[in-house]
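Below is one structure, written out as structure tokens, with a few remarks after it.
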Amino acid sequence: MMLRPLLLLLALLLTSTTGQTNQTAPQCPCTYTVPPKDEPNCAVYGQDEVGRLLEFNRASDNCLAELDVFERVIDLDRLFRICNNETSGIDGRNFITWLRTTESPIANFIKSNGNFSRYFQVDEEDGSVSLVDEIITDQSVVFNCTEEENFCWNQVLEFVSNSNQQYFGELICQDIYSKQAIALAVEQSLVRTALCLVENATSVPSQCGDLKAQIDAYKAENQDMDCTDIGTRAALSQLPPLDTCNAEVRAADDTSGSAVAATSWIGGLLWASTLLLGMGRQ
């Protein structure tokens, strides 16, 4: 009586541990909110004119550099030093060092925030942002920022490091991450278009070879597809949801699948034994 249910359960377990579920699940889209090494197998999604998703490898930073594609709002390593993740607070010293040494649009945008009006001023003629002429502390100490620039920057550091400003710091991190993710997605779109326009494969940098091969394969399968289609970014609403996509493959390299399968197999056996015991009691 027990043999047939056991065989059925074993067949079900074998099916679930052979990876068939993972094979049918779409690959997880790159989030651009973690270092590339933390999502090595993520997919970059394009979209053709009829709405079909096109799945591409993510172009490496070396590939982007070879083609002179650079849209990011801040260097990746710098971002992760300033904000460990998109919901963390600011690392005050790294943030102030970056804010003080860059004139990038995102840095000036942050300095123009109303919460910083005590420390920065905007030039109405050219839109540049600089320290105010003087900072008056809560203790009525006056710092002349022309003569005591370091002291003034220390006041900004104290402000962002104050626990009362934690929420403001979190908002800054969220804003930088949001703008950065959009910029990194644009980079991927631009590099696909650039590679699509290269007709001579020998002119493609070796760092971009795999992506170029994918692009050429799509074009070969769809003769009417042009480089505009190849470069189009998929709408966010069309991306595979992170809670149902193939996250296990994204997070694991080619040699670690056996560990995942082993875990599933052990869990499956425990589930099967529990169910069989219950059936035996009936």
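Here are a few things to note about the model shown:
- Criterion (in a helix (DSSP H, G or I), within 19 Å of Ile96 (Cβ to Cβ) and either at pLDDT below 90 or more than 34 Å from the chain's Cα centre (by Cα) (or both)) met by exactly one of Asn164, Asn154: Asn164
- From the list Glu103, Glu124, Glu148, the lone residue that is surrounded by fewer than 17 Cβ atoms within 10 Å (Cβ to Cβ), closer than 30 Å to Ala181 by Cβ and out of contact with any helix residue (DSSP H, G or I) (no Cβ under 7 Å at 6 or more places or on another chain) is Glu103.
- Subset of the stretch 211-244 (residues that are of a type in the set (Gly, Ala, Ser), in a helix (DSSP H, G or I) and over 14 Å from Ala194 (Cα atoms)): Ala217, Ala220, Ser237
- Qualifying residues in the stretch 98-148 (those that are more than 30 Å from Glu71 (Cβ to Cβ) and among the β-branched types (Val, Ile, Thr)) - the one modelled with the lowest pLDDT: Thr137
- The stretch 108-119, subset in contact with a helix residue (DSSP H, G or I) (Cβ under 7 Å, 6 or more places away or on another chain) and touching a residue at least 24 places away in the same chain (Cβ under 8 Å), residue surrounded by the most Cβ atoms within 10 Å (Cβ to Cβ): Ile110
- Failed criterion for Glu125 (all others in (1) of a type in the set (Asp, Glu); (2) part of a loop (DSSP other than H, G, I, E, B); (3) under 29 Å from the mean Cα position of the chain (by Cα) hold): (3)
- Annotation: Ala194 fulfils all but one of (1) hydrophobic (A, V, I, L, M, F, W, C); (2) within 30 Å of Ile215 (Cβ to Cβ); (3) without any contact (Cβ under 8 Å) to a residue 40 or more places away in the chain; the unmet one is (3).
- The one condition from (1) polar (S, T, N, Q); (2) under 14 Å from Gly169 (Cα atoms); (3) out of contact with any Ser or Thr (no Cβ under 9 Å at 6 or more places or on another chain) that Asn85 does not meet is (3).
- In this entry, Asn85 is excluded by the filter for residues that are under 21 Å from the mean Cα position of the chain (by Cα), at pLDDT 95 or above and among the polar types (S, T, N, Q).
- Of all residues in the stretch 158-183, none that is closer than 16 Å to Ala107 by Cβ has its Cβ atom under 6 Å from the Cβ atom of a residue that is in a helix (DSSP H, G or I) and of a type in the set (Asp, Glu), 6 or more apart or on another chain.
- Across the stretch 170-180, not a single residue is classified as over 26 Å from Thr33 (Cα atoms) and among the polar types (S, T, N, Q).
- Note on the stretch 185-210: among residues that are out of contact with any Ser or Thr (no Cβ under 9 Å at 6 or more places or on another chain), assigned to a helix (DSSP H, G or I) and among the β-branched types (Val, Ile, Thr), the one that is farthest from Glu71 (Cα to Cα) is Thr202.
- Within the stretch 235-246, tally of residues that are in contact (Cβ under 8 Å) with a residue 24 or more places away in the chain and either over 14 Å from Ala181 (Cβ atoms) or over 16 Å from the mean Cα position of the chain (by Cα) (or both): 6
- Any pair with Cβ under 8 angstrom, 6 or more apart, that starts in the stretch 70-96 at a residue that is more than 20 Å from Thr31 (Cβ to Cβ) and free of Cβ contacts under 8 Å to residues at least 40 places away in the same chain and ends at one that is in a loop (DSSP other than H, G, I, E, B) and among the small types (Gly, Ala, Ser): none
- Failed condition for Ile182, given (1) part of a loop (DSSP other than H, G, I, E, B); (2) under 30 Å from Leu211 (Cβ atoms): (1)
- Helices (runs of 4 or more DSSP H) completely within the stretch 1-67 that count 1 or more residues being out of contact with any Phe, Trp or Tyr (no Cβ under 9 Å at 6 or more places or on another chain) and modelled with pLDDT of 90 or more: 61-66
The values are calculated or read from the model by the stated rules, or taken from the named source; none is laboratory data. No experiment lies behind these values; they were computed from the predicted model shown. Positions of Cβ are backbone-derived with ideal geometry, glycine not excepted, and every protein chain shown enters the neighbour counts.
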